[in-house]
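Student: Have a look at this one before I ask anything.
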Amino acid sequence: MTEHEALTRIAEALERLSPPPSDAPDIAAADAFVWHVAPDRLTPVPRVNRVDLSLLLGINRVRDILLENTAQFARGLPANNALLWGARGMGKSSLVKAVHAEVRARGLPLKLVEIQREDLPSVARLLNHLRASDARFILFCDDLSFSHDDQHYKSLKAVLDGGIEGRPDNVVFYATSNRRHLMPRDMIENERSSAINPSEAVEEKVSLSDRFGLWLGFHPCSQDEYLAMIRGYCNAYGVTIDDETLRAEAIEWQATRGSRSGRVAWQYFTDLAGRRGVRI
């Protein structure tokens, strides 16, 4: 093998290990994107999986707060990062997607970009793409949480604080989590008990949630709210069922699931629509 051939093979191997940076994404290609890495790219989402804002019942207060914050941001006004936390299945991620659709329906330009928790270390590269655009973006991370040895939270600070460059003016960050402080309580207590200085042991991680300007709490729904959610779905999709039958079936469904939430309401409605031959 000649020296030239050897250098060529080395160059090709290095290129495979470190792929060239992706081209600037076509932001006009869609209203929503998913961020992927290796190689970095923004994948357009032609049709976002979401429900209409009017169908999200029992969360009126947090709905109105998030909608107003998002509309302010889309109009170029100051807006806060938002942490949607609380009960499972109560519409946290559905609300983010529904609010995005509602703001766009009002004629305000706004893009939605979803990033997975495990891809947070790449967020600085993503922000560089978004910073260069004239569009405005909701950067969305669903089901965000950290374990005691998880270093991904440091990457998140690049979004919330922005370092010396600052968070791009055209980006706001929304996250959902079952945990208000983004890490399990038992891990917080364990680190406090084993630290030399307990008061500072978990300050950095616990204070991460303090960097969200909006904390929007989601709580378990009542039985009346649960039934109202199902009735709303029935009305929206044209599924006919009398109140007595709906109540009996829906309560039995929640009993078999051992919980009552917006997600359980939708799962029962999906079963009902299938049995009635209605496409949703």
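The values are calculated or read from the model by the stated rules, or taken from the named source; none is laboratory data. Small disclaimer: the values here were computed from a predicted structure and weren't measured. A quick note on method: Cβ atoms are made from the backbone with ideal geometry, for glycine too, and the neighbour counts reach across all protein chains shown.
Student: Which residues, taken from region 105-133, are in contact with a His (Cβ under 7 Å, 6 or more places away or on another chain) and in a helix (DSSP H, G or I)?
Tutor: Scanning region 105-133 gives Arg117, Leu120, Pro121.
Student: Being modelled with pLDDT of 70 or more and part of a loop (DSSP other than H, G, I, E, B): is that true of Arg61 here?
Tutor: No, not satisfied.
Student: Out of Ala79, Ala87, which single residue is touching a Phe, Trp or Tyr at 6+ places or on another chain (Cβ under 6 Å), surrounded by fewer than 22 Cβ atoms within 10 Å (Cβ to Cβ) and more than 19 Å from Arg136 (Cβ to Cβ)?
Tutor: Within the list Ala79, Ala87, the selection yields Ala87.
Student: For the subset of region 42-58 comprising residues that are of a type in the set (Val, Ile, Thr) and assigned to a loop (DSSP other than H, G, I, E, B), which member is surrounded by the fewest Cβ atoms within 10 Å (Cβ to Cβ)?
Tutor: Among them, the one singled out is Val48.
Student: Kindly indicate the residue of region 237-260 that is small (Gly, Ala, Ser) and at pLDDT below 95 and also farthest from Ser94 (Cα to Cα) among those meeting that condition.
Tutor: The qualifying residue farthest from Ser94 (Cα to Cα) is Gly258.
Student: Here is a follow-up. Could you tell me which residue of region 47-56 is farthest from Val99 (Cα to Cα), considering only residues that are touching a Lys or Arg at 6+ places or on another chain (Cβ under 9 Å) and of a type in the set (A, V, I, L, M)?
Tutor: Going through the qualifying residues, I end up with Val48.
Student: Taking Lys92 as meeting all but one of (1) charged (D, E, K, R); (2) modelled with pLDDT under 90; (3) under 30 Å from Glu225 (Cβ atoms), write down the number of the exception.
Tutor: Only one criterion is unmet by Lys92, namely (2).
Student: Can you name every residue in region 65-76 that is under 19 Å from Ser177 (Cα atoms) and either surrounded by fewer than 20 Cβ atoms within 10 Å (Cβ to Cβ) or free of Cβ contacts under 8 Å to residues at least 60 places away in the same chain (or both)?
Tutor: If the condition is that a residue be under 19 Å from Ser177 (Cα atoms) and either surrounded by fewer than 20 Cβ atoms within 10 Å (Cβ to Cβ) or free of Cβ contacts under 8 Å to residues at least 60 places away in the same chain (or both), then Ile65, Leu67 are the ones that fit.
Student: Could you name every one of the helices (runs of 4 or more DSSP H) located completely within region 219-280 that has at least 3 residues being under 24 Å from the mean Cα position of the chain (by Cα)?
Tutor: 223-237, 262-275
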